[in-house]
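Below: the structure, in C-alpha cells.
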Amino acid sequence: IQNQMMFVNQVYYGFSDRFSLGAGIEIASLFDPFTQVPAIGIFPKYTIPIEEGKANVGLGALLLSTPDTRSAFDLNVFYGAFTYGPRNRNVSFGLGYVMNEGRFSTAPVFSIGAQYRVSPGMAFTAESWFGRPMSGGVFTFGVRLIGKRRNSWDITLVGVASDGEVIMSPLPLVGVTLPF
C-alpha cells in the first residue's frame with residue numbers, strides 16, 4: 001500500500017515473482033467542483049529475469065482514467081524497462097509510448113531511474129522522464145527511509161524542465177509504503 005501526500009493512494013499485489021498488479025486512485029480532484037470522478041489507474045507489470053539478481057526486463061502499462069474525458073482509460077503508457085543491479089543498488093532504463101484517447105504518440109517517452117541503498121535504513125532514489133510527447137522532462141531526487149518491517153518513507157524533490165527552464169517544487173513530495 002502506498003500513499004503520496006494523502007491524495008494519491010495505490011495498492012500493489014505480487015501474484016508471482018514475475019507478475020504484479022497495482023491499482024490507484026487520486027482524490028485531489030474531488031475538491032474541484034467541476035470534477036465528478038477522480039482519476040484511477042491500473043498498473044500491470046511482468047518481469048523477466050535475464051540474470052538472477054543482476055538484470056531484469058519489465059513489460060508493463062499505466063492504464064489511467066482521468067476525470068476530464070468521457071472514455072475510460074483514456075491516458076495510457078505502455079513500456080519496457082531494463083534494470084541492472086541487485087535490488088538495493090540498481091539503475092533502470094525505460095522506453096514507453098503514450099496513448100491518449102486511443103491514439104499513440106509518434107515519439108517515445110524515456111525514463112531513467114536509480115536506487116542506491118547506503119545503509120539498512122536509508123537509500124537514495126532518482127527518476128527522470130523525458131521525451132517529445134512531454135515537451136520537456138520531469139525529474140526526482142529523494143531519500144527513502146526504510147523501517148525494520150519493510151515499511152518506508154520517501155521524501156522527494158520534484159522538478160520540471162521545459163524550454164530551457166527548470167522549476168523545482170518548493171515542498172518535497174512525501175510518501176509512505178506499508179507492506180501487507
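Go through 22-35, 83-96 and give me the packing order, highest mean Cβ count within 10 Å leading.
Going by the mean number of other Cβ atoms within 10 Å, highest first, we get 83-96, 22-35.
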Label segment 67-174 by shape, choosing from rounded, prolate and oblate, from the square roots a ≥ b ≥ c of the eigenvalues of the Cα gyration tensor; if a/c is under 1.5 it is rounded, and otherwise prolate applies when a/b is larger than b/c, oblate when it is not.
prolate
To check my understanding: the extent here is largest minus smallest coordinate of the Cα atoms along each principal axis. What are those three numbers for the chain, in Å, largest first?
46, 40, 33
Picking from 31, 102, 169, whose Cα lies most toward the positive end of the charge dipole for the chain (charges on Cβ: Lys, Arg +1; Asp, Glu -1)?
169
Rounded to the nearest 20 debye, dipole of segment 2-177 from Cβ charges on Lys, Arg, Asp, Glu:
720
Sequence ranges 37-48, 148-159, ranked by mean other-Cβ count within 10 angstrom, highest first:
37-48, 148-159
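Values quoted throughout were computed directly from the atomic coordinates according to the rules given, and no laboratory measurement underlies them. Keep in mind it's a predicted model, so treat the numbers as computed, not measured. As a convention, Cβ positions derive from the backbone with ideal geometry for all residues, glycine included, and neighbour counts pool all protein chains shown.
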